[in-house]
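Nothing in this text is a laboratory measurement; each read-out follows from the coordinates by a stated rule. Fair warning: this is a prediction, and the values are worked out from it, not measured in the lab. Cβ coordinates were reconstructed from backbone atoms using ideal geometry, including for glycine residues, and neighbour counts include every protein chain displayed.
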2 protein chains.
Amino acid sequence: MRIGELAERSGVSVRSLRYYEQQGLLSSTRTEGGQRRYEEGAIDRVIRIQELFAAGLSSKRIAVVLPCIEARAENRTPALLDELAVERQRINAQITDLLRTRDTLDEVISTAADVLTASQPA
Amino acid sequence: MRIGELAERSGVSVRSLRYYEQQGLLSSTRTEGGQRRYEEGAIDRVIRIQELFAAGLSSKRIAVVLPCIEARAENRTPALLDELAVERQRINAQITDLLRTRDTLDEVISTAADVLTASQPA
DNA sequence: CTTGTCCCTGACATGGGTGTCAGGTCTTAC
DNA sequence: GTAAGACCTGACACCCATGTCAGGGACAAG
């Protein structure tokens with residue numbers, strides 16, 4: 001498929017897809033005239049890339065980690081698995097932080113709701 | 001306390017503390033000579049600010065939300081509570097995404113571990 | 001009063017993913 | 001073969017929290 005279709009189906013801008021390629025995260029074949037063509041599988045890959053960006057990885061980190069995620073299990077070297085574990089740990093810490101922040105907000109919201117309820121009894 | 005001590009005790013750079021003040025997130029009194037002085041409570045406030053930054057809020061959003069978090073319950077207006085709920089929702093979605101990414105990594109790691117174990121039986 | 005340390009403001013830099021524009025080429029349907 | 005629309009590269013802009021530097025003042029211990 002061409003880049004516009006991939007953009008639409010993966011929910012990522014054309015600009016970003018070209019950027020991913022430049023960073024070595026996504027590959028394409030080219031037509032005679034130099035336009036990019038993608039396989040169906042590119043959609044999943046792009047979505048995964050977005051997930052990793054959302055998880056706070058830089059493109060360089062993703063370039064390291066993504067091949068390991070997509071490789072067959074036999075191709076995962078201990079060194080790459082270590083990298084994965086590092087990110088896993090980072091993400092886990094981030095989840096912990098977010099849960100705490102969410103709890104803080106929940107407490108504020110529910111406390112305030114009580115006050116409102118008290119002033120407007122059913 | 002002075003700004004250097006606050007920086008050290010809250011784990012945030014002096015530069016950032018000045019920035020927070022400029023953004024209206026943190027206040028200080030000034031000495032005759034113009035230097036900033038902080039109360040003990042500033043430490044908690046700074047830590048909370050960091051938490052909110054880590055949760056993906058911009059300084060403008062924090063400026064909106066933080067007073068609501070720190071205000072007495074009676075001062076929380078419905079409009080402010082809505083803002084809080086919006087952020088709560090965003091954070092929750094972020095947590096969901098991160099959990100999924102973490103699961104992906106866990107699966108890769110455990111699958112690979114199985115392979116390694118199989119090739120190096122106990 | 002001096003000296004060392006801390007603090008002040010203002011300004012510019014940086015990273016990193018993305019938006020956007022210009023000027024030009026490819027593809028495809030007619 | 002032509003026109004419309006999609007694509008190409010390269011470049012510049014942006015956001016925004018933070019780093020860093022320069023030049024100068026504040027403050028406290030001796």
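With its label point defined 7 Å out from Cα along the Cα-to-Cβ axis, A:ALA63 lies at 3.8 nm from the matching points of the other copies, in increasing order. Starting from the Cα of B:GLU83, step 7 Å toward the Cβ, then list every residue of segment B:32-62 with an amide N under 11 Å from that point. Only B:60-62 fall inside the zone, counting backbone N under 11 Å. Largest first, the extents of the alpha carbon coordinates of the protein assembly as shown on the three principal axes equal 69, 45, 43 Å. Each copy carries a label point for A:SER16 at 7 Å from Cα toward Cβ; from one copy, the others' points are 2.6 nm away, ordered from shortest.
Looking at segment B:77-122, the pairs of alpha carbons with a distance over 17 Å make up 58% of the total.
Hydrophobic long helices, here whole DSSP H runs in chain A with Kyte-Doolittle means of at least -1.0 and Cα atoms spread over 20 Å or more along the helix axis, are found at A:78-119. When the convex hull of its Cα atoms is viewed from all sides, segment B:1-75 shows a mean projected area of 5.2 nm².
What size of dipole, in debye to the nearest 20, comes out for the protein assembly as shown about its Cα centre when the only charges are +1 on Lys and Arg C-beta atoms and -1 on Asp and Glu C-beta atoms?
880
Axis between A and B by rotation; chain A residue with nearest Cβ and distance in whole Å recorded as A:ILE95, 3.
Sorted from closest to farthest, the other copies place their A:ASP106 label points 1.8 nm away, with each point set 7 Å from Cα along Cα→Cβ. One Cα centroid belongs to segment A:1-73, the other to segment B:43-93; the line between them spans 35 Å.
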